[in-house]
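Trainee: This is the structure, below, for whatever I ask next.
Every read-out reported here was derived from the displayed coordinates using simple, explicitly stated rules and does not represent laboratory data. Given the structure is predicted, the values throughout are model-derived calculations rather than measurements. Using ideal geometry, Cβ is built from the backbone for each residue, glycine included, and neighbour counts are taken over all protein chains shown.
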Amino acid sequence: MDITEAAITLQRLTKENRILKKKLERSELDCVRSETIRQKKEALLKTVIAEIQDSRAVLEKKSSDLEKAFNELTLMRDKLVEAEKMAALATLVAGIAHEINTPVGTSITLASTLADETKALGTAVAQGQLKRTDFNNYLEIAIESTALLMANLTRAGELIQSFKQVAVDQVILEHRTFSVKDYLEEVVNSLALHFKKTPLTLNVEGDASIHIDSYPGAIAQVATNLVTNSLTHAFQSGTHGHIRFDVAQYQDAVLIEYSDDGCGIPPENLGKIFDPFFTTAYHQGGTGLGLHIVYNLVTQKLHGRIDVQSQVNQGTQFKILLPLSIKP
């Protein structure tokens, strides 16, 4: 290799060395930039992780607060449901007490009259002044009073028995076989007080031979809440109206149709009447749980189905379909 070639080679190598040096500088610069970016990303990631952890802690606290609030709300609802059930029972007690008061009061008056007449008869006998006419009058009064006493005490006994059965059923929810129509009539009798001073009528129609093996107490609660709902919402004070239960067999089930000819339910409310706490009568002390309890009892306790139809100013109808037998 001569001097010229060596010079060219040296020049080429020098150029390549500069190029490699620049590449090395750029590579080092890229490494520095990459490290800087990595550090920034790492710092950003740490910040994000810290924020996520803070957010998680906040969410966990909110979740805990929501769960606590939900549990409290559920407990409050359960208490209100029980209060509503006891209110239905109180309605029953008030009605029966009022109904029993009449025959018992009449019986007390008759017994007092009979006691006075017996005392007067005893005095006349003791004084030797008893006349046949007095004795005959006493016999007439005694026979009439005894007959009336028996009638009134029998009526009171029937009411007490009806109340005892319905009340026990509502508290214990006993499972047994019973006539749906006859049992609804017992419940209706217990609600008579609420219709005494109103131009409303409440009737039970249908086939008394239809028996079901179920929970009569649940049916009593359903009937009481439906009637109470109609009294509260369907009729204004002094309005004439009719409330009716119809009992019929439908295939292998019993169909209970409850209807009133009151003001009806607006279309915008019809789909919400079974929701808990929905009511249009807060100003009257409504809790919005009456029909919610009805729905739960029918669908869960009685294993049935309930549907509602209503038109404004034309009344409301509930159709309740219950199986003829359910397992306890």
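Trainee: Once amide H atoms are placed 1.01 Å from N in the peptide plane, what residues at a sequence separation of 5 or more from Val254, or on another chain, have their amide H within under 5 Å of its amide H?
Mentor: Correct list: Leu322, Leu324.
Trainee: Here's a follow-up. How much length would be gained if the chain were fully extended between Met150 and Lys131, taking 0.36 nm per residue of separation minus their Cα-Cα distance, in nm to one decimal? Before the final figure, lay out the partial values.
Mentor: Details: separation 19, 0.36 × 19 = 6.84 nm, distance 2.82 nm.
That pair, Met150 and Lys131, stretches by 4.0 nm at full extension.
Trainee: List the lysines whose Cα sits under 17 Å from the Cα of Lys197, skipping any in the same chain fewer than 8 residues away.
Mentor: List returned: none.
Trainee: With each label point set 7 Å from Cα along the Cα-Cβ vector, what nm distance links Glu51 and Gln300?
Mentor: Once both label points are built, they end up 4.4 nm from each other.
Trainee: Using a Förster distance of 51 angstrom, determine the FRET efficiency expected from the C-beta separation of Leu66 and Arg18, and round it to 0.05.
Mentor: Efficiency for this residue pair is about 0.15.
Trainee: Which of the peptides 183-192, 265-274, 240-249 is most tightly packed, and how do the rest follow, judged by the mean count of other Cβ atoms within 10 Å per residue?
Mentor: 183-192, 240-249, 265-274
Trainee: How large is ³J(HN,Hα) for each residue in region 197-207, as worked out from phi by the Karplus curve 6.51 cos²θ - 1.76 cosθ + 1.60 (θ = phi - 60°), to whole Hz, x for Gly and Pro?
Mentor: Going residue by residue, I get 9, 10, x, 9, 10, 10, 10, 10, 10, x, 8 Hz, with x marking Gly and Pro.
Trainee: Another one. Setting aside same-chain residues fewer than 8 positions from Lys181, which aspartates and glutamates have a Cα under 15 Å from its Cα?
Mentor: Cα-Cα hits under 15 Å: Glu205, Asp207, Asp213, Asp246, Glu257.
Trainee: Karplus couplings for region 140-150 from phi (6.51 cos²θ - 1.76 cosθ + 1.60, θ = phi - 60°), rounded to Hz, Gly and Pro as x?
Mentor: 4, 5, 5, 5, 5, 5, 4, 4, 5, 4, 4
Trainee: Whole-Hz ³J(HN,Hα) for each residue in region 105-116, computed from phi via Karplus 6.51 cos²θ - 1.76 cosθ + 1.60 with θ = phi - 60°, x for glycine and proline: what do you get?
Mentor: The phi angles translate into x, 5, 5, 5, 4, 5, 5, 5, 4, 5, 5, 5 Hz.
Trainee: Further question on the same structure: In the structure shown, do any of Lys41/Lys61; Lys301/Lys327; Lys62/Lys272 have a Cα-Cα gap over 20 Å, and if so which?
Mentor: Over 20 Å apart, Cα to Cα: Lys41/Lys61; Lys62/Lys272.
Trainee: Another question, if that's okay. Once the Cα gyration tensor of region 176-328 is diagonalised, what are the square roots of 5 times its eigenvalues, in whole Å and ordered largest first, as equivalent ellipsoid semi-axes?
Mentor: Its equivalent ellipsoid spans semi-axes of 25, 18, 14 Å.
Trainee: Please give the peptides 144-151, 303-310, 196-203 ranked by average Cβ packing (other Cβ atoms within 10 Å per residue), highest first, as a rough proxy for protection. Let's see the in-between values first.
Mentor: On the way: 144-151: 14.8, 303-310: 16.6, 196-203: 12.9.
The packing order, highest mean first, is 303-310, 144-151, 196-203.
Trainee: Let me ask another. Taking Lys119 as the anchor, which lysines have their alpha carbon closer than 22 Å to its alpha carbon, excluding any fewer than eight residues away along the same chain?
Mentor: Lys131
Trainee: Further question: Suppose the chain between Glu268 and Tyr250 were pulled fully straight at 0.36 nm per residue; how much longer would it get relative to their current alpha carbon spacing?
Mentor: 3.4 nm
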